1. Quick check: is even one residue across the stretch A:70-81 within 18 Å of the chain's Cα centre (by Cα) and of a type in the set (Ser, Thr, Tyr)?
2. Please specify each residue of the stretch B:51-77 satisfying the condition of being facing chain A (nearest Cβ under 9 Å) and touching a Lys or Arg at 6+ places or on another chain (Cβ under 6 Å).
3. Given the options B:Lys184, B:Lys137, B:Lys210, B:Lys149, name the one that is basic (Lys, Arg) and without any contact (Cβ under 8 Å) to a residue 24 or more places away in the chain.
4. Among the numbered conditions (1) more than 14 Å from chain A (Cβ to nearest Cβ); (2) among the aliphatic types (A, V, I, L, M); (3) buried (at least 21 other Cβ atoms within 10 Å of the Cβ), tell me where B:Ile154 comes up short.
5. Check whether at least one residue in the stretch A:180-200 is under 18 Å from B:Arg54 (Cα atoms) and of a type in the set (S, T, N, Q), and report yes or no.
6. Condition first: of a type in the set (Asp, Glu) and in a loop (DSSP other than H, G, I, E, B). Now tell me which residues in the stretch B:66-97 satisfy that.
7. Does the stretch A:1-22 include one or more residues that are assigned to a strand (DSSP E or B), surrounded by 19 or more Cβ atoms within 10 Å (Cβ to Cβ) and modelled with pLDDT of 95 or more?
Amino acid sequence: MENSSVRRIDYFGAIPNTLDLTVGAGERLLVRFLPKVAFSDVRYRFQVGENASIEVVFADVIGHSGHFESEILLEGEGSSAQWFLSSFASSGDKKSFAPSVIHLAPNTTAKVESYGVATGESRLDFSGVSEIRKYARKSKTRQTAKVIVFDPKSDGRSAPMLKIGDNDVEASHAAVVGRLNEDHLYYLESRGIPRDEARRLIALGYLLPVASRFEERERKFVEETIMGGLFHD
Amino acid sequence: MERLEIIDLHASVDGISILRGVNLSIKKGESLALLGPNGHGKSTLLGLIMGNPRFHLDGGKIILDGEDITNLGPDERSKRGLFLAMQNPSEIPGLNSADFLKAAMNAHRGKPLTLFEFYRKMEAAYKEMGIPLEMSKRNLNEGFSGGEKKRNEILQMLLLDPSLAMLDEIDSGLDVDAINVVAKAINEAAAKGTSFLVVSHYARLYRMLKPTRAAIMVNGRIAVDGDPSLIERVDREGYEWIKRELGIEIEKEIAPSMNQVSIGVCATKEAIDNGK
């Protein structure tokens, strides 16, 4: 998203439990969330008008348990949405995220990307629905949800859904849950990198693409919080 | 490194005995060619020396300059000067190559490199290996071709400057030009005192590297340890003479294949050259 004509809303620190935002016709909105205090049950709704676009960036790295749900309604023809989530769960955290996008109008596009790392005895759950309703023809939707599980007692789930109600559309999704690859750790360690540092590099590699959408100070917060969580476990 | 000693090393993978009493030593400045049929334990030996946890140590010792390093982690072995250029280097999603190189180089130093020092060294190494510097922005080995991965292994060797570099089929996947670049880098490191333990199936690479010694591994043991003329003999006659002259029955592959993506381009090129 170009910065010049984009309305930007940042929630760094405490984030609201509910949110209802409308993106007017032709408008472009960037909303970024970087919670620094725990949240437990969050529900957001975004309505996107004709030829409008929204980008939502969510970096969740603090230790807490909670459920997050969001719904982006692509109501206007030609509207678009992008959703980027990084979530880091450590210790005994139980986190679940269900970002959904509903295409209600023709020629709408959406990309949902969620990446997570679960360490210690934490659990991380990705779900959400990407739905294209009937008559939302020529719409395109893509959903990716990947969780990497670092420790024997950590747990990850990834079950995003696609619901397609029109034939003339493009839709794809990828859902992956994988364990931390021991070969990757060994490769980094064989170059002299200590095991803790190797774990940090792999976790950051997984989560930083979202963190890179923030400024230096916020990126540093993300990196340091992840490092703290890794060493705590 | 003055001397690496492998003493009566036994190891297994997934319950299958691969190394069955390996005894071998490498001295400072030596370049040892390790030959042997496929699946007889060469890669397992190199991995075990580097500390790959995939291999289960059943007995024996690895002594580096008098220190028993058998139970040290791979990072500590690396810091003591060991390096393994892997046959199938891992692709690490999301990990930027330059960030990785910086972390690896700093792990070998008391004081971290300044950004300027790091960039200068990295730039020089990329240039020497004929790799565009742009590749340093890509994720580590992700989407690299076989040849790019092998060059990247030698690039890491240049930057980490080990005292003993082990090269596991470094020539597989490389075209003729790339082999020349890699061989030049290896020879320059050898001239500066780096010792080498080199596994390859092709005499072509060995002719370029001119090892000082050669050994042949059969059935998980060192069957022959001698001078480099062994390389030419194996190239001419294969391994049948070992059974004939030493009475060693060569078993079928005993180690699980490590060679899932390797392609022997050298052999193809040589065949084409010879056909001209």
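The values are calculated or read from the model by the stated rules, or taken from the named source; none is laboratory data. Treat the numbers as computed from the prediction; the structure is a model and nothing was measured. Note that each Cβ is placed from the backbone with ideal geometry, even for glycine, and that neighbours are counted across all protein chains shown.
1. yes
2. Across the stretch B:51-77, the qualifying residue is only B:Gly51.
3. B:Lys184
4. Status for B:Ile154: all satisfied but (1).
5. Yes; the residues of the stretch A:180-200 include at least one that is under 18 Å from B:Arg54 (Cα atoms) and of a type in the set (S, T, N, Q).
6. B:Glu91
7. no
Conditions (1) surrounded by 24 or more Cβ atoms within 10 Å (Cβ to Cβ); (2) more than 8 Å from chain A (Cβ to nearest Cβ), marked per residue:
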{"site": "B:Arg20", "(1), (2)": "no, yes"}
{"site": "B:Leu24", "(1), (2)": "no, yes"}
{"site": "B:Arg80", "(1), (2)": "no, yes"}
{"site": "B:Pro89", "(1), (2)": "no, no"}
{"site": "B:Ile92", "(1), (2)": "yes, no"}
{"site": "B:Ala107", "(1), (2)": "no, no"}
{"site": "B:Gly110", "(1), (2)": "no, yes"}
